1. Can you pull out the residues in the range 159-201 that are acidic (Asp, Glu) and either in contact with a Leu (Cβ under 8 Å, 6 or more places away or on another chain) or in a strand (DSSP E or B) (or both)?
2. Can you tell me which of (1) assigned to a loop (DSSP other than H, G, I, E, B); (2) modelled with pLDDT of 50 or more is the one Gly43 doesn't meet?
3. Condition check: surrounded by 17 or more Cβ atoms within 10 Å (Cβ to Cβ), of a type in the set (A, V, I, L, M), more than 29 Å from Gly143 (Cβ to Cβ) and modelled with pLDDT under 75. Does Leu20 satisfy that?
4. For the range 151-196, enumerate the residues that are surrounded by 22 or more Cβ atoms within 10 Å (Cβ to Cβ) and among the β-branched types (Val, Ile, Thr).
5. Have a look at Pro98, Pro74 and point out the one that is out of contact with any helix residue (DSSP H, G or I) (no Cβ under 7 Å at 6 or more places or on another chain), under 26 Å from Pro122 (Cβ atoms) and either hydrophobic (A, V, I, L, M, F, W, C) or at pLDDT below 90 (or both).
6. Taking the conditions exactly as written (surrounded by 15 or more Cβ atoms within 10 Å (Cβ to Cβ), at pLDDT 95 or above and over 14 Å from Leu58 (Cβ atoms)), does Leu110 satisfy them or not?
7. Of the residues Ser182, Ser173, which is within 18 Å of the chain's Cα centre (by Cα) and polar (S, T, N, Q)?
8. Out of everything in the range 73-96 that is of a type outside the set (A, V, I, L, M, F, W, C) and within 20 Å of Ala150 (Cα to Cα), what residue ends up being surrounded by the most Cβ atoms within 10 Å (Cβ to Cβ)?
Amino acid sequence: MSIHPIRAVVLLLGAGLIWLSPVSAGEPSTVMVGKQTVGVMIGGMIPVRVMEGQSSKLNGVAVHPSWQIALTDPSGSRWWSGSIALGAELALLGITQPTGAYGIGFTPKLIYTLTSFSPVKPYLEAGGGPIWTNFDGRIPEQGSNFNFLAWGGGGVTYDLTERWELNAGLRFSHISNAGTASPNGGVNYLLPFVGVTAKVF
């Protein structure tokens, strides 16, 4: 019996929070102010209809190269103790349905990583920014090629070594032109993803 990708990600997130024991307050944290990482993640786009006018089923693949820097040390000794990071991503979208299309964008992002669990670190993140597409004439909900991508979600990282981490999670993403052109029905998709991250500083 196969497991749906969304269910697999939810199970992974739940297992990380429920079964891992928090580290003691005396243990040194691996997240420090100024730590920088680069990475890349890839995922399959799963269409989500939120509004009645959203008829297109957006299917395809998304690749997101990224960079981030930790802004704070972990605060507190509770299970929700964490670190805040600021980052940026490229958004490279290859759409196969309802028609062939693409998107190339840039999204600053904010990340909160729980540091009380080891070696898995759950996190929440959100970002948004401009994206250039060829949607006009291909995607009926969008009447322009210049759009905006906004997304939010969460995931977990797993420390393979002192430098390398595996990454997996789930995002909800929305693309629209913010009313700069008509129509502007917007399109949405879920993005279960996997990736790898390297600590560079």
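The values are calculated or read from the model by the stated rules, or taken from the named source; none is laboratory data. Since this is a predicted model, take the numbers as computed values, not measurements. When we count neighbours, we look across all protein chains shown, and the Cβ atoms used for this are built from the backbone with ideal geometry, even at glycine.
1. Asp159, Glu165
2. The failed condition is (1).
3. For Leu20, the condition - surrounded by 17 or more Cβ atoms within 10 Å (Cβ to Cβ), of a type in the set (A, V, I, L, M), more than 29 Å from Gly143 (Cβ to Cβ) and modelled with pLDDT under 75 - is met.
4. Val156, Thr157, Ile175, Val187
5. Pro74
6. Judged against the criteria, Leu110 is a match.
7. Going through Ser182, Ser173 in turn, just one is within 18 Å of the chain's Cα centre (by Cα) and polar (S, T, N, Q): Ser173.
8. Glu89
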